[in-house]
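Just below is one structure, and these are the notes that go with it.
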Amino acid sequence: MSTVIKDIQTITTQPSGSRLIIVKIITSDPGLHGVGCATFTQRFNAVHTAIEKHLKPFLIGRDVSKIEEIWQMSMVNSYWRNGPVLNNAISGVDQALWDIKGKQANMPVYQLLGGKCREAAAVYGHAGGGTPQAVADDVQNFSEQGYHYIRVQMGGYGGHESQARKPEGSPDGAYFDPRAYMRSTLKMLEHVRSEIGDQVELLHDIHERLQPIDAVKFAKDVERFNLFFLEDPLAPEDLEWFEHIRQQCCTPIAMGELFNNPREWQPLIEGKLIDFIRMHISQMGGITPARSVALFANMYGLRTAWHGPGDTSPVGHAANLHLDLWAPNFGVQEWCRFSELVYEMFPGTPEVRNGYMYPNKQPGLGIDVNEELAAEYPCQDTVEHWTQTRLPDGSPARP
Ligand code: MG
């Protein structure tokens, strides 16, 4: 008799800044369950409803072994597809089913994917600060902790918040000045390179905050700092501009955390217009689509750099790690350094030592959730401030 989905539970929790969503699938086999990440932190209630009201009634009673079939049918069952809410909900189910299959096989998920190409995944940490010297000092800290890849930002995304030039009567918001950001970031990179030399690999995230032509110029201007990659130079709405960046410089480009439709990554991969695919695994629908995109990208010489900040749950980081250990074209993994509380709440959260993320010996994803502890940190229904971004004249801008 086949093992079937007996129940699906949606666990929401907020141990620190980000609201996390975990799907737990209970099977008909006593004691056998799986967990998956469905975290869309800014719209967690919508994902919660999609799982509880739509996916759960659709999936109860289905054979847990049919991961691919369930993914395909879940994606088309709503007729309208590929949106962030439904993709995240489907990801929670998909990752939980991979976790279950690993437990049934008594193997880690990387074994099911094809086995390890490496013993651990190289990670990058986020160095930051208010001045070029503060950023250089933070890079030094990371370097002393064994990190070989380090992302550098000064004053957060878009640089220092600047309300100085806004017109009278302008609304509140997270103001930034794109042109000032370009000038100050170039100075910061210059200073950091002169302080730390060329041995450490530096990364930088534009966070799609520039006008397309300014992004082309910026990519060209940073070429001399020899970045490991420049992230999100353009918004998903401006994909045709990648060709102009390619024509102008050889700064390696990483892109993808906002993607949720295959038509967004397909032309960039086929055109070899970027160098690293960095989708948010739950945002694209889970391990099942990530596996196929990694192999597709491999055929065109692109590497992976899956999105891995604090708004990916520890379960999502475990999913990233299993893909990283297996993928022949792994590049680097983003890492956010979770607190002790998170390690306690999610037993099996991957550990990082000397700049490498290591798996544990458990089957499946090797991670679980302490539900009692998670319940002590319920999600807060606050309105996001940092995504209320505005240009110097007060007009709304992409965060
Ligand atoms: Mg980013």
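The values are calculated or read from the model by the stated rules, or taken from the named source; none is laboratory data. This one's a predicted model, so the numbers in the text were calculated from it and none came from an experiment. When we count neighbours, we look across all protein chains shown, and the Cβ atoms used for this are built from the backbone with ideal geometry, even at glycine. Note: areas computed on protein heavy atoms with side chains; ligands, DNA, RNA excluded. Shrake-Rupley method; radii C 1.70, N 1.55, O 1.52, S 1.80 Å.
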* Asked: Measuring from a point 7 Å past the Cα of residue 272 along Cα-to-C-beta, which residues in region 213-242 have an amide N at less than 17 Å?
  -> 242
* Mind telling me which of 39, 382, 312 comes out most flexible in a GNM of the chain, alpha-carbon contacts under 10 Å? => 382
* Asked: What FRET efficiency would be calculated for the residue pair residue 211, residue 300, taking the C-beta separation as r and a Förster radius of 30 Å, to the nearest 0.05?
  -> 0.60
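Excluding residue 211 itself, what net charge comes from residues whose Cβ is under 13 Å from its Cβ, given Lys and Arg +1 and Asp and Glu -1?
-1
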* Dimensions in Å of region 258-399 - Rg and Dmax from alpha carbons -> 17.3, 54
* Using only alpha carbon positions, build the gyration tensor of region 112-364, then give the equivalent ellipsoid semi-axes as the square roots of 5 times its eigenvalues, largest first, whole angstrom. => 29, 22, 18
* Check: region 5-107 dipole with +1 on Lys, Arg Cβ and -1 on Asp, Glu Cβ, in debye -> 220
* Asked: Which net charge results when you count Lys and Arg as +1 and Asp and Glu as -1 among the other residues whose beta-carbon is under 12 Å from that of residue 336?
  -> 0
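How large is the dipole of region 112-364 about the Cα centre if only Lys and Arg carry +1 and Asp and Glu carry -1, each at its Cβ, rounded to the nearest 20 debye?
Numbers: 22 positive and 33 negative charges, 109 e Å.
Dipole about the Cα centre, nearest 20: 520 debye.
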* To do: Please check the chain for the longest run free of GluC sites (Glu not before Pro) that are loop-located per DSSP (anything but H, G, I, E, B) and have at most 13 other Cβ atoms within 10 Å.
  => 169-375
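Taking trypsin sites (Lys or Arg not before Pro) as candidate sites, keep only those in a DSSP loop with at most 14 other Cβ atoms within 10 Å, then name the longest stretch of the chain containing none of them.
166-271
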* Structure fact -> Between residue 385 and residue 198, the two model label points (7 Å from Cα along the beta-carbon direction) sit apart by a distance in nm of 4.3
* To do: Describe numerically, in nm with one decimal, the distance between label points set 7 Å from Cα along Cα→Cβ at residue 343 and at residue 29.
  => 3.0
* Structure fact -> Over the chain, the sum of -39500 (n - 2.57) across DSSP H runs of at least four, divided by residue number and rounded to 500 deg cm²/dmol, gives at 222 nm -10500 deg cm²/dmol
* Report, largest value first, the span of the C-alpha coordinates of region 184-320 along each principal axis, in whole Å. => 42, 32, 26
* Measuring from label point to label point, each 7 Å out along Cα→Cβ, what is the residue 45 to residue 223 span in nm? -> 5.0
* **Extent along principal axes [Cα atoms of region 5-107; Å; largest to smallest]** => 35, 35, 21
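Over region 112-364, with every protein chain in place, what whole percent of the accessible area is carbon and sulfur at 1.4 Å, could you tell me?
The nonpolar share, carbon plus sulfur, comes to 47 percent.
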* Under a 1.4 Å probe, what is the accessible area of the chain per residue, stated in Å²? -> 42
